[in-house]
Structure formats: C-alpha cells, structure tokens
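Since the structure comes first, as structure tokens, the remarks are kept for the end.
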Amino acid sequence: MKITVLDGHGLNPGDVSWDGIKALADEFTVYDRSPQEFVVERIADSEIILLNKINITREIIEQCPKLRYIGVLATGFNVIDVKACRECGIIVTNIPSYSTEAVAQHVFSFILHFTNQVALHSTSVHEGKWISNPDFCYWLSPLSELSGKTLGIFGFGHIGQKVAEIALSFGMNVMVTAHSKDSFEKAIKSLDVTPSKLSKISHVSAEELFSKSDFISLHAPLTSETQNLVNEKTLSLMKPSAYLINTARGGMIDESAVYNALKSKKIAGYAADVLLSEPMSSSCLLYKAPNCVITPHLAWAPRETRLRLLDIEVHNIKAFLAGKPINVVN
C-alpha cells in the first residue's frame, strides 16, 4: 500500500510525527508542497493520497488508475471533484470537528483585540510613552466591556456553538442565524451553559443579525447560498459601531464591499483569518485596509489541534482498509 502526502508542510512543519500514518503503508512519501503540474507524477502509482489544498480534478483522477482513497486533511473538501471520485469508486474522507476549540478561541482573540487593544498599548509602553506620562494610566483608544454586548453568529455548527458558549460566559447576548429554527433548537440543548444563560440566546433572521449585532462572527460553510453573504447590502444593515469576524471562508465576503465599508467607517472594524485568495496577494484590497486585522489562516493550527487531526486521519485510513470507511463525504 503506497500512501503519498502532497502538501504536508501546512499540517506538519516538523513539530509532529507522521508515524501513525507511516505504519499503515508499505511505502510512504511526504511532499511539503506540490505544484499542480507535479501532482499526477507524484501520485500516479499511489492507492492512498492525503492533501489539504491541492486540487484533484477528474483529469488527474483518470490518470491515476490505482487511486482508491483521498484523505482531505481538513474539514472542507471543495478542492476535490467528489462526483468524479464517486463515479470511479474512490473514497473521499475529511476531518470533521477537529479544530472547534482552536477556532472559537481565535474568534475571541479578534474580539478582544477590538475591545482591549492590548497590542496598541503594549507597543506604546515599549516606546517609552508610559515612562513619560504624568498619570498612572492612559489609553489611546476607547475600551469596552463585552458584558451586555450582542454577538451575532451566522451558522451554528460545532464551532458556532462553541463560540456561543464562550460569549455567554462573558455575559454577552447571542443571536444566531442557523440553517433552520429546528436545527437551532436542537443545537442549544447540547450547549454547556446554565439554563439562565440560555435565555440570552435567540434565533433570528439574517437581516436582524446584521442590523442588531455589536459583533458578527461567520461560521457557515461556503455554498452558493453563502457566497458573498457579506456584501454592500448586508454591510449597510450593520451599526457603525459593529465589528465583523470571519474565520469561516474568504468567499463569504465581498472584499471590495468590506474595504469600502471600512474606509467610509460604515463599520467599526473587520477581522479575518481567511481570504478569497490564499496566500494573500499584494493586490488584495484588504492589504493595509483601515481598522482591519488579518491573520494567515492559522486559527486551526495549534499543535494540539494538528495532533488531533492526524489521529483522526489514522482512524479514517484504518476504517477504509477494514472495509468500513468513516467520515466519507462522497
């Protein structure tokens, strides 16, 4: 059994081990990165391939007759032609719910950046401005408490639910736009919060979410319905004091509309861990945009999270080899 990893560096730059997967293979090869034109050459005789962001098209599949399993080392699998895989008898799996805690944590690192401005004030102190200040304290921008503020969550899967739990622990009110009211009602029953806190969470329409939230956090998959969800119209509904957080998918955002909203101060700020095109292009409108915080798609990347991902993939492969595949997406 030959297993090939096409773009392993993002998951494992050297601080975790491939041994669990390697033990399942007769031949095991890891490429840190694979230019698209090298993909067929590198997997032509592989039965199992693992990847994150490499596109696997019908044309590639047809040139790899031994291929029987594709393991996507992420939750999203839009890089795979799943229809072609299904027609060719190739199993495609993903890694569900591995990064819930990490992404929710990152959401609040963004939110607390806006409310507490820790980096701004730390930089000021290290520039000597506290030394020269006549008062025992000072602040360079308005600070605010989260208690009593409203967080709008668009999408209410595992990550959205964890974000809601954290928000409620801060004393925030939570509004949710879920796939359906029924799915919302089912989800809130599993939240790890007290009954009194549950009274602070409600299901609302997207229009109400955008118009009444102090913070909006996106947690839906990218589909034809959510493509460009955040656009000139939805941004116009937001309060000028409101902040938008995107740790979901770059395609949910019309970057031009967000840039214009930031520049005209129609919203207070935007924070994103994902962009429409990754890595970032120097022509990206959000590059150096005002009141805009961007991290390089790292919300999922704590070491603990990546170890969890690898462990799930080992179980995925073992289940496939036993003829009982799990986490199948096609």
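Of note:
- Residue within segment 144-151 that is touching a strand residue (DSSP E or B) at 6+ places or on another chain (Cβ under 9 Å), under 30 Å from Glu37 (Cα atoms) and free of Cβ contacts under 8 Å to residues at least 60 places away in the same chain present: no
- Note on segment 128-139: residues that are closer than 24 Å to Phe110 by Cα and open to solvent by 90 Å² or more (accessible area, probe 1.4 Å) amount to 1.
- Near pairs, Cβ below 6 angstrom, 6+ apart or cross-chain, from segment 171-184 (among the charged types (D, E, K, R)) to any residue that is open to solvent by 20 Å² or more (accessible area, probe 1.4 Å) and in a strand (DSSP E or B): Lys181/His203
- Residue within segment 244-258 that is basic (Lys, Arg) and under 27 Å from Ile166 (Cα atoms) present: yes
- Restricting segment 30-49 to residues that are charged (D, E, K, R) and under 28 Å from the mean Cα position of the chain (by Cα), the residue that is least open to solvent (accessible area, probe 1.4 Å): Asp32
- Here Ser281 clears all of (1) touching a helix residue (DSSP H, G or I) at 6+ places or on another chain (Cβ under 9 Å); (2) hydroxyl-bearing (Ser, Thr, Tyr); (3) open to solvent by 10 Å² or more (accessible area, probe 1.4 Å) except the condition numbered (1).
- Looking only at residues of segment 1-41 that are touching a strand residue (DSSP E or B) at 6+ places or on another chain (Cβ under 6 Å) and among the basic types (Lys, Arg), we find that the one that is nearest to Glu313 (Cα to Cα) is Lys22.
- Qualifying residue in segment 68-89 (condition: touching a Lys or Arg at 6+ places or on another chain (Cβ under 7 Å) and among the acidic types (Asp, Glu)): yes
- Flag if Leu24 is under 30 Å from Tyr270 (Cβ atoms) and at pLDDT 95 or above: no
- Some residue of segment 78-93 being in contact with a helix residue (DSSP H, G or I) (Cβ under 6 Å, 6 or more places away or on another chain), open to solvent by less than 10 Å² (accessible area, probe 1.4 Å), modelled with pLDDT of 95 or more and among the polar types (S, T, N, Q): yes
- Per-region count, segment 275-330, residues free of Cβ contacts under 8 Å to residues at least 60 places away in the same chain and in contact with a strand residue (DSSP E or B) (Cβ under 6 Å, 6 or more places away or on another chain): 4
- Single unsatisfied condition, Ala301 versus (1) out of contact with any Phe, Trp or Tyr (no Cβ under 6 Å at 6 or more places or on another chain); (2) in a helix (DSSP H, G or I); (3) within 30 Å of Leu67 (Cβ to Cβ); (4) open to solvent by 10 Å² or more (accessible area, probe 1.4 Å): (2)
- Filtering segment 110-127 to residues that are buried (at least 16 other Cβ atoms within 10 Å of the Cβ) and either in a helix (DSSP H, G or I) or modelled with pLDDT under 95 (or both) leaves Phe110, Ile111, His113, Phe114, Thr115, Asn116, His121, Ser124.
- Of all residue pairs spaced 6 or more apart or on separate chains, those with beta-carbon atoms under 9 Å, a first member in segment 114-133 that is among the charged types (D, E, K, R) and a second member that is outside any helix (DSSP H, G or I) are Lys129/Tyr138; Lys129/Leu140.
- Those residues of segment 6-29 which are open to solvent by 40 Å² or more (accessible area, probe 1.4 Å), farther than 18 Å from Tyr69 by Cα and in contact with a helix residue (DSSP H, G or I) (Cβ under 7 Å, 6 or more places away or on another chain), in sequence order: Asp15
The values are calculated or read from the model by the stated rules, or taken from the named source; none is laboratory data. The model shown is predicted, which means the values in this text are computed figures rather than measured ones. Cβ atoms come from the backbone with ideal geometry, glycine included; neighbour counts cover every protein chain shown. Accessible surface is based on the protein model in full, side chains and every heavy atom, while ligands, DNA and RNA are left aside. Shrake-Rupley method; radii C 1.70, N 1.55, O 1.52, S 1.80 Å.
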